[in-house]
Ligand SMILES: *Cc1c(COP(=O)(O)O)cnc(C)c1O
């Protein structure tokens, strides 16, 4: 069994000392500027990255090409829950690199069975279907729900409806942006996939009212990440669970960002002791090393697929399964969850002490916070740039909301220091 202290970060905070030498001590070099110009010139401008060029990383800290160090308060949108280059996960990857990395699902390999069994067990389910990106897992869940609707529920073919929530973020494929309510995600990408109905987030009665004989599922984030770390009202998830059971539709929880330790629980649904019918996982499942996603459910749900009806060349490859197994192993100890709970309380207490004129609202759970800054202090982008100048990498979500979601290996001192930098950046 692996413990957190095996990573060394718990016992030797000095190695990654927050205050010492953090932030841009060195001005951007010609090389850094050339690298930024090169990416601007040769890729689509679908992102607006902060002007930092990362060359190395360890734990909760990254170093840029000029040797400047920054605390990573984004953690790859929660893909890096276990820290950069987590030694346990790297060891699993290295071991597998020396054996076999890809077979395709045309053949069996010796990591697949153990991975799906261990992941299903972590979720308290019978089966798991591995994919690669989060969006691909969401698509897989949508296809599962439709097939389940036709085969098990008896919905007439091509009539299935899936309920989704306003403000959602589930990825970028055409079918997924078809039910996005973010104009930027949709504009000039139509025509869209039909079969989705949108209801306000956090309103269980609205879900009940939207259900028809053709409804097969509700897809929701237990906490809406990209929308600004929106936590639904107490009892919402339990109410949705009850409605889904009573009305015979699938509850599908997109735990791609909220799951795998982030909130202080294995899944954000655990907070209300809710078990959805379908878990959608991604991001941290790949340990920050490679994309690994999965749909996890019981056999009566995932059993709807027959050979040839769905697939992925890379989904469930040996390297992905080996890393995914190591991730499940880390979560099985419960140490990352309790760390996120403890440090999350610490982070939220520190954020609560920020001057009230600076901060309108702080939301979140565990090591996850959406901080609404008074817009008078700047846009989220401007504040993120000021934080970067102070050695903290964070990302705005909407408007003046700063998201704080550090790797779960972060220390209490790191967090105090990050909050102090936020306060000075605003001051
Ligand atoms: C990031 C994210 C996705 C999409 O994952 P990708 O790997 O970027 O395709 C889906 N749902 C949620 C909640 C996410 O945060």
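The alpha carbons of segment 268-331 occupy a box of 36, 31, 16 Å along the principal axes, longest dimension given first. Mean-square fluctuation check for the chain, GNM, Cα pairs under 10 Å: which of 230, 35, 367 is largest? Comparing 230, 35, 367 in a Gaussian network model of the chain, the most mobile one is 35.
Separation of segment 244-258 and segment 23-42, taken as the distance between their Cα centroids, equals 44 angstrom. For the Cα atoms of the chain, what angle does the longest principal axis make with the long axis of helix 134-148, in degrees from 0 to 90, nearest 10? Relative to the chain, helix 134-148 is tipped by roughly 20 degrees. Working from the Cα coordinates of segment 74-210, the gyration tensor eigenvalues give, after taking √(5λ), semi-axes of 33, 21, 16 Å in decreasing order.
The alpha-carbon atoms of segment 106-154, seen along their principal axes, cover 37, 22, 21 angstrom, with the largest extent given first.
Listing 211, 249, 36 from the residue with the fewest other Cβ atoms within 10 Å to the one with the most, what is the order? Show your work: numbers first, answer last.
Working: 211 20, 249 24, 36 15.
The fewest-first ordering by Cβ neighbours comes to 36, 211, 249.
Pairwise alpha-carbon distances in the chain exceed 35 Å for 28% of all pairs. Separation of segment 375-395 from segment 92-108 is 41 Å, based on Cα centroids. Decide, for segment 198-323, between rounded, prolate and oblate: order the square roots of the alpha carbon gyration tensor eigenvalues as a ≥ b ≥ c, take rounded if a/c falls under 1.5, and otherwise choose prolate if a/b is larger than b/c, else oblate. Taking the square roots of the gyration eigenvalues as a ≥ b ≥ c, segment 198-323 is oblate.
Just so you know, the Rg over Rh for segment 87-332 is 0.96, from Cα atoms, with Rh as the Kirkwood radius.
Along each principal axis, taking the top coordinate minus the bottom one, the Cα set of segment 162-272 gives 39, 34, 19 Å in descending order. Output the 0 to 90 degree angle, nearest 10, between the alpha-carbon long axis of helix 112-123 and the longest principal axis computed from the alpha carbons of the chain. Computed tilt is about 80 degrees. For segment 315-427, the average shadow cast by the Cα convex hull is 8.2 nm², which is a quarter of the hull's surface. Of all beta bridges that DSSP places with both ends in the chain, some 65 percent have antiparallel geometry. Rounded to the nearest 10 degrees, what's the angle between the helix 318-332 long axis and the longest principal axis of the chain, both from Cα atoms, 0 to 90? Approximately 80 degrees, to the nearest ten.
Every number in this text was worked out from the coordinates using simple rules, so none of it is lab data. Fair warning: this is a prediction, and the values are worked out from it, not measured in the lab. Counting neighbours? That spans all protein chains shown, and the Cβs are built from the backbone with ideal geometry, glycine included.
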